[in-house]
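For reference, the structure discussed in these notes is given below.
Coordinate-derived values only; no laboratory data. In this text, all values refer to a predicted model and were calculated from it rather than measured experimentally. Heads up, the Cβs are rebuilt from the backbone with ideal geometry, glycines too, and the neighbour counts pull from every protein chain shown.
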Amino acid sequence: MINVSSSHVNNVRQVASAARIDLLGMTFEELTAWVMTQGQPAFRAKQLAGWIYDTLTPDFSAMRTLPAVFREQLAATASIVGPQVQTELLSKDGRTRKLLLELADGRLIESVLMLYPASSEGRARATVCVSTQAGCAYGCTFCATGQMGFDRHLTAGEIVAQVVHFARDLREHPWQAPDGATISRVTNLVFMGMGEPLHNYDNTLKAVRILNMAEGLHIGARHMTISTVGLVPGILRLATEPLQINLAISLHAPNNTMRLRTMPITRKYPIEAVLDACQQYVARTNRQVTFEYVLLAGVNDAPDNARELGRLLAPLAHLGHVNLIPVNATTAAYRPPSGEAIRAFRDILHGAGISNSVRAERGDDIAAACGQLRTREERRQRAAPTMV
Ligand code: SAH
Ligand code: SF4
């Protein structure tokens, strides 16, 4: 594990107080309206957005094309810095950068940048995994975040800020992909960090619009994936949005009895209701659905479980893909299966006509599953003797 200093980020940091207005939480329309309330003409909003999202400057005083008086107004009343970096980690292979961020109220969240070389699936890419909540209310037993309980929803600005941070980071430290390509911008987003995005529906969708807007980072909705524990009303609502965003469902078991043991939400929304909502999602958006299946040795990884999963998903085989994820052990209770057990599981699913892949383990040396870094940090703080 390499701990890279965050000072290069913080030396340009301004103090973000609650009184300041967070420009990262504004759509372009809102930014324009706000700029006009500051006595500036509407076209200044475009200039300002250019400085924030194209030039990626974190410092209002450097925005040369804005009148000095407006720059001073901005510095006094607005913020574009987002949460403060508490820890920044780089995996040994240099392909995973992970942040522990401190929100204005002291809560901690995690964000990750994952760098992927070109493959049969496409060009090299830089994917940011964002958190949508501090903690999570759903208590999945294998999930470090779930074990913390729920603190609060993140604002749209706090979600956007995580991506802007990595956009700046990649601009300053581009990644040289093995195929010779230089990756200096964020290409993909996954809402798979801490929290349940559809529980924080409005702020998550607002962040999607801000990140998608032409005057912003302009990341295509087709390059974004929202992962959900299976909140049926949220899935159905998302289906009505004029956005072609990808949907990932945390399934993790082939039947309700087994799912209930690790995912309490199953009591409220059984698998059948979730799969029905997925069908409606695909029908309305034309996007595929990914089913995530965390493999827990001795819990849900037996050949019989694979056969049952195959039967369950057979009617949806043409709509989706299964992503098998060997669990990142967060407690002694769970272990990933052996390579042999994973191969056997895959073969059975393939035999049932279900397309599937195993998600490559990433950044294990830097507490890969979201929530693990914060858990480790909080344990460390509790263990540390207080200085008097
Ligand atoms: N709340 C949403 C999104 C955040 S979790 C959801 O549950 O889908 C993102 C993904 O990481 C989910 O599929 C989740 O089940 C998975 N996950 C949680 N803990 C994990 C662990 N210890 N190892 C591997 N994957 C984990
Ligand atoms: Fe929450 Fe997702 Fe973790 Fe479940 S897996 S506790 S829904 S963050």
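Estimated at 0.36 nm per residue, the fully extended path between A333 and Q288 surpasses their Cα-Cα distance by 12.9 nm. Rounded to the nearest Å, what's the spacing between the alpha carbon centres of the stretch 252-272 and the stretch 27-95? Just the number, please. Between the Cα centres of the stretch 252-272 and the stretch 27-95 lies a distance of 44 Å. Take Q73, project a point 7 Å from its Cα along the Cβ direction, then tell me which residues of the stretch 39-55 have their backbone nitrogen under 11 Å from it. Backbone N within reach: 39-42, 44-45.
In straight-distance terms, cross-link reach from K46 covers every one of the aspartates and glutamates whose alpha-carbon lies under 17 Å from its own, apart from those fewer than eight places away in the same chain; here that gives D22, E29, E30, D54, D59, E215.
Charge dipole (Cα centre; +1 on Lys/Arg Cβ, -1 on Asp/Glu Cβ; no other charges) of the chain amounts to roughly 40 debye.
Taken over the C-alpha atoms, the chain has Rg and Dmax values of 21.5, 69 angstrom. If the segment from T257 to D304 were pulled out straight at 0.36 nm per residue, it would be longer than the present Cα-Cα gap by 15.5 nm. I'd like the FRET efficiency for S61 and K92, computed as 1/(1 + (r/R0)^6) with the beta carbon distance as r and R0 of 41 Å, rounded to 0.05. For S61 and K92, the calculated efficiency is 0.60.
Computed from the C-beta positions of A214 and R171 and an R0 of 22 Å, the FRET efficiency is 0.70 to the nearest 0.05. Among G339, G50, G94, which one shows the highest mean-square fluctuation when the chain is modelled as a Gaussian network with alpha-carbon springs under 10 Å? Comparing G339, G50, G94 in a Gaussian network model of the chain, the most mobile one is G339.
For the chain, the relative contact order works out to 14 percent when only alpha carbon pairs closer than 8 Å and six or more residues apart are counted.
Model label sites at E29 and H321, defined 7 Å from Cα along the beta-carbon direction, differ in position by 3.4 nm. When the stretch 75-156 is described by a simple charge dipole with +1 on each Lys and Arg Cβ and -1 on each Asp and Glu Cβ, the residue from C140, S91, Y116 located farthest towards its positive end is Y116. Extension gain for the segment E121 to D276, taken as residue separation times 0.36 nm less the Cα-Cα distance, is 53.0 nm to one decimal. Over the chain, dividing the summed -39,500 (n - 2.57) contributions of all DSSP H runs of at least 4 residues by the number of residues returns a 222 nm mean residue ellipticity of -9500 deg cm²/dmol.
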